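Please treat every number below as a calculation from the coordinates, not as lab data. Since this is a predicted model, take the numbers as computed values, not measurements. Cβ coordinates were reconstructed from backbone atoms using ideal geometry, including for glycine residues, and neighbour counts include every protein chain displayed.
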Amino acid sequence: MFRYPPGSPRQRSDRQRGAAAVEFALIVPLLLSLLLGVIDFGMAFGQYVSLQGAAREAARQGIVLGDVVASANTAKGVLDSSKLEVRFAVDVTAGAPGVMVVCLRYPRTSLTGFFNWTLNGHFQTKALMRMEGTALVTAGLKSWTGGLCTK
C-alpha cells in the first residue's frame, strides 16, 4: 500500500492550515488599501489632468473668442461643471496686449471614501497665454471661492 511521505500536502496538520488563514488575514488589509489607493489616486490624477486641459483650452478660447467660462465648461472632460470654479483676467503689467491668465479650481474627493483624509481640498491650476490683439473681455469669474488669480 502507498503512503504519502511526511510533509506532503496530504499529511499537513490543522495547525499549518490555520497558519495560512492567519497569513491571509494579515495580507488582505494591505492589498485592499493598495487597491483602493490606486482607484482613488488614479481618479484624482485624471481629474487634475482634465482640469489642466480645461484651463489651457479656456485660455486659448478666451484669446480667440473671449468666452472663457463657456470654454472651461465645454472642455471640462470628466469634471462636474457645477463644481468647477473659474476666474480669469488679462494681465497687462508687461505691456499691451497682455497675457490671459485663467485659473480653475475643483474639489478633490475620494471615489471609494477610504482616502477622504488625504484627498480633502481643492485642485487648482492656472494657464497663461500671450494675447496677440486686444482683449474682448478683461476679467471675470464663475463661483470663485479661491484666492487671487495672478501671473
**Prompt:** Residue farthest toward the positive end of the dipole of segment 75-146, with Cβ of Lys/Arg at +1 and Asp/Glu at -1: which of V99, T118, G133?
**Reply:** T118
**Prompt:** When you count, for each residue, the other Cβ atoms within 10 Å and take the mean per peptide, how do 38-50, 18-30, 64-76, 100-112 rank with the highest first?
**Reply:** 100-112, 64-76, 38-50, 18-30
**Prompt:** Tally Lys/Arg at +1 and Asp/Glu at -1 over every other residue whose Cβ is under 13 Å from the Cβ of R105; what's the total?
**Reply:** +4
**Message:** Rounded, prolate or oblate for segment 14-142? Axes are the square roots of the Cα gyration tensor eigenvalues, ordered a ≥ b ≥ c, and the cut-off for rounded is a/c under 1.5.
**Reply:** prolate
**Potential lengthening between S33 and T145 on full extension [0.36 nm per residue; Cα-Cα distance subtracted]** = 37.0 nm
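Compute the length gained on full extension between F41 and H122: take 0.36 nm times their separation in residues and subtract their Cα-Cα distance, giving the result in nm to one decimal. Walk me through the numbers on the way to the answer.
Working: separation 81, 0.36 × 81 = 29.16 nm, distance 1.39 nm.
That pair, F41 and H122, stretches by 27.8 nm at full extension.
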